[in-house]
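The values are calculated or read from the model by the stated rules, or taken from the named source; none is laboratory data. None of these values were measured; they are calculated from a predicted model. Here Cβ is always computed from backbone atoms with ideal geometry, including for glycine, and neighbour counts include all displayed protein chains.
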Amino acid sequence: MAATLFTQNIIACIWDFDKTLIPEYMQSPLFRRYGVDEATFWAETNALVENYRRRGYTLASEISYLNHLLTYVLAGRMAGLNNVVLQKSGAEIRFYPGLPGFFEASKAWVADKQEYRKHDIRLEHYVVSTGLAQMIRGSAIAPYVDGIWGCEFIENPLQPGFLEQKELELSAEAEIAQIGMVIDNTTKTRALFEINKGTNKNPAIDVNSRVAAEDRRIPFQNMIYIADGPSDVPSFSVVKGNGGNAYGVYNPAKPEEYAQNDRLRQVGRIDHYGPADYTESSSTTKWLRLQIHEICDRIVRDREAAVAMKTARPPRHLNPTPKEEEARNAPRAPEQSEFLE
């Protein structure tokens, strides 16, 4: 018997990280730990593509900062940097007001009405970032999210001939040595489709597989994508273009970020925008709660309509009962057409 893969009663808030959940870049605690001047590091990173071009090399801008971190490790400026240190540095990340409490409190919104509880509607939070996944995993937000996408590093790369080795040697002095995963502003959209199709929950579902709309775990119309600016336009477009919501946030202390979000709204890239303030009384919290409730209401309508459509009418008596006979013989009001005759 054919059956749908998922009940589609889940809502997803999908978050960018830097400048969306935090006011600075997540790598800032890492630079402080090693005494590296942050402004210098980013200035060097921004100049890498052009300087390598002059030398005859092509460098993808998306991996330039990851490569430069590896260069700092190799040069001894960030000696000993490994995934454990990245997680420990993540614990020092400072969040915008209201976080991480907002993530836990918002999950209760889908139980605000009895009909929401009846249909077991749930809210999930995901972080999709071009930053470092291990730092996010070490941050205060990690216990409240249902999945994290970010860039990854490998320690102790496998050496030639490793397939013939029975035991693999591991160095006690592990350092990050290779890039394991790159998430950039374009490949973020792959994560959106993984969440949409349920690949992140069921590895048997390949993200490139054709999956019917009714079989996808979280339809795009059940998604809200929250980010800070133009670099997230590809993700805004995927979510909003498929019926979901796109919301921009800005640092209240930076008027230029407010203007940037207003331009995104004017050209239709986002549905709305507000301050990166996640306290209970903020306009951002109120807007997100409103949208989540509206999605809940639609899920209830869709599921109850599906039940009505697929449920057969109960059998009726072939011989009327006395009450049915009485109702059938009762005087009736004239039909509209009788008044016109």
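Taking the condition over 24 Å from HIS293 (Cβ atoms), among the acidic types (Asp, Glu) and surrounded by fewer than 22 Cβ atoms within 10 Å (Cβ to Cβ), does ASP232 pass?
no
Quick check on ASP37: is it under 22 Å from ASN185 (Cα atoms) and acidic (Asp, Glu)?
So ASP37 fails the test.
Go over the candidates ILE270, ILE176 one by one and state the one that is under 29 Å from PRO97 (Cα atoms), among the hydrophobic types (A, V, I, L, M, F, W, C) and in contact (Cβ under 8 Å) with a residue 24 or more places away in the chain.
The conditions single out ILE270.
Return only the number of the condition from (1) modelled with pLDDT of 95 or more; (2) touching a strand residue (DSSP E or B) at 6+ places or on another chain (Cβ under 9 Å) that ASN200 does not satisfy.
Looking at each condition in turn, ASN200 falls short on (1).
Scan GLU38, GLU44, GLU50 and give me the residue that is in contact (Cβ under 8 Å) with a residue 24 or more places away in the chain and either within 28 Å of ASP232 (Cβ to Cβ) or among the charged types (D, E, K, R) (or both).
Answer to the selection: GLU44.
Mind listing whichever residues of the stretch 57-107 are buried (at least 17 other Cβ atoms within 10 Å of the Cβ), among the hydrophobic types (A, V, I, L, M, F, W, C), touching a Phe, Trp or Tyr at 6+ places or on another chain (Cβ under 7 Å) and assigned to a loop (DSSP other than H, G, I, E, B)?
Answer for the stretch 57-107, where residues must be buried (at least 17 other Cβ atoms within 10 Å of the Cβ), among the hydrophobic types (A, V, I, L, M, F, W, C), touching a Phe, Trp or Tyr at 6+ places or on another chain (Cβ under 7 Å) and assigned to a loop (DSSP other than H, G, I, E, B): MET78, LEU99.
Check the stretch 43-56 and report whether any residue there is assigned to a helix (DSSP H, G or I), of a type in the set (Gly, Ala, Ser) and either surrounded by fewer than 14 Cβ atoms within 10 Å (Cβ to Cβ) or on the phi > 0 side of the Ramachandran plot (or both).
Yes - at least one qualifying residue is present in the stretch 43-56.
Of everything in the stretch 127-165, what is over 13 Å from the mean Cα position of the chain (by Cα), of a type outside the set (A, V, I, L, M) and closer than 17 Å to GLN178 by Cα? Give them in sequence order.
Within the stretch 127-165, GLY131, GLN134, CYS151, GLU152, PHE153, GLU155, ASN156, PRO157, GLN159, PRO160, PHE162 meet the criteria.
Can you name every residue in the stretch 212-253 that is in contact with a strand residue (DSSP E or B) (Cβ under 7 Å, 6 or more places away or on another chain), in a helix (DSSP H, G or I) and over 21 Å from ASP297 (Cα atoms)?
Hits for the stretch 212-253 are SER235, PHE236.
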